[in-house]
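In what follows, a structure is listed as structure tokens, so that the remarks can point back to it.
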Amino acid sequence: MRVLPAVEEEIRRVVRDARARDPLIKTAGLKAVLEKHFNRGFSHVYVAKIADKVAREGLIEIDRAKIEERMAFSRENYRMMREELLKIVYWKDGDGLPRPRVQDRIEASKNVVMMDLALLQAEIANGLYKRPIEEIAKTFSYEPVPGEVRGVIIAAWQRGGLLPAAVVEEMVPQLTAPQS
């Protein structure tokens, strides 16, 4: 029997709460907690699967937090290095620095670009620029076919036996079935 998503989410919440109270709780203990909370029985196998899913979700959240923390550190470190390299690239007389060689300016410019690309690639790899699926789906919307062309297409499909008459009447109520 399929479990509704809302019910499964409630089961996961109860498992997370039980693990928060007792991190070393066994599957049998989780089963007892779930049975008490929901006033019904649960399969030992189902409870073990849900417990594994909850544990994996927790690990993913911890990894994500570590990655975001590390990315914040990398961005700050990158910002400081970039400022120092840009002092070399955009050197002006009177900055208090000795005049850099042309080769040093070229190397600093190249390093700034490489650091920009490396940071961008790291952000992309960690999903910082992922768009929600609904937004992506909107980009694949097509213009509707004009009414007369649509009618010709539907009539051709109906003549070929691809569409039953009832479906055609629902799709285009004003279109009459072609006479054969």
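The values are calculated or read from the model by the stated rules, or taken from the named source; none is laboratory data. Quantities reported herein were computed from a predicted structural model and do not represent experimental measurements. All Cβ positions, glycine included, derive from the backbone under ideal geometry; neighbour counts span all protein chains shown. For accessibility, only protein heavy atoms count, side chains too; no ligands or nucleic acids. Shrake-Rupley method; radii C 1.70, N 1.55, O 1.52, S 1.80 Å.
State, as an integer percentage, the relative contact order of the stretch 1-113 based on alpha-carbon contacts under 8 Å between residues 6 or more apart.
So the answer I get is 17 percent.
Identify the chymotrypsin sites (Phe, Trp or Tyr not before Pro) of the stretch 30-94 meeting these criteria: DSSP loop state and at most 11 other C-beta atoms within 10 Å of the C-beta.
Passing sites in the stretch 30-94 are Tyr90.
Please label the shape of the stretch 37-121 as rounded, prolate or oblate, based on the square roots a ≥ b ≥ c of the eigenvalues of the alpha-carbon gyration tensor (a/c under 1.5 means rounded; beyond that, a/b larger than b/c means prolate, else oblate).
Prolate.
Taking a 1.4 Å probe, which of Thr27, Thr139 shows the most accessible area, and what order do the others take after it?
So the residues, ranked largest to smallest area, are Thr139, Thr27.
Using DSSP to define loop residues, name the trypsin sites (Lys or Arg not before Pro) in the stretch 61-99 whose beta-carbon has at most 14 other beta-carbon atoms within 10 Å.
Sparse-neighbourhood loop trypsin sites (Lys or Arg not before Pro): Lys92.
Can you count the Lys pairs in the chain with C-alpha separation below 23 Å, eight or more apart or on different chains?
Going through the chain pair by pair, I get 12.
Which value, in Å² and to the nearest 10, is the accessible area of Leu97 when all protein chains are kept and the probe is 1.4 Å?
80
Go ahead and estimate [θ] at 222 nm for the chain from helices alone: -39,500 (n - 2.57) per DSSP H run with n ≥ 4, summed, over the residue count, rounded to 500.
So the helix-based figure for the chain works out to -23500 deg cm²/dmol.
Would you kindly calculate the mean projected area, averaged across all directions, of the convex hull enclosing the Cα atoms of the stretch 1-149, in square nanometres?
Averaging across all directions leaves 20.0 nm² for the Cα convex hull.
Subtracting the Cα-Cα distance from 0.36 nm times the residue separation, let me have the gained length for Ala122 to Lys36 in nm, one decimal.
Gain on stretching Ala122 to Lys36: 26.3 nm.
Quick one: if you take sqrt(5λ) for each eigenvalue of the C-alpha gyration tensor of the stretch 17-65, what semi-axes come out, biggest first, whole angstrom?
Semi-axes (√(5λ), whole Å): 22, 11, 9.
How large is the accessible surface per residue of the stretch 57-139, computed with a 1.4 Å probe and reported in Å² as a whole number?
With the other protein chains kept in place, the stretch 57-139 gives 82 Å² per residue.
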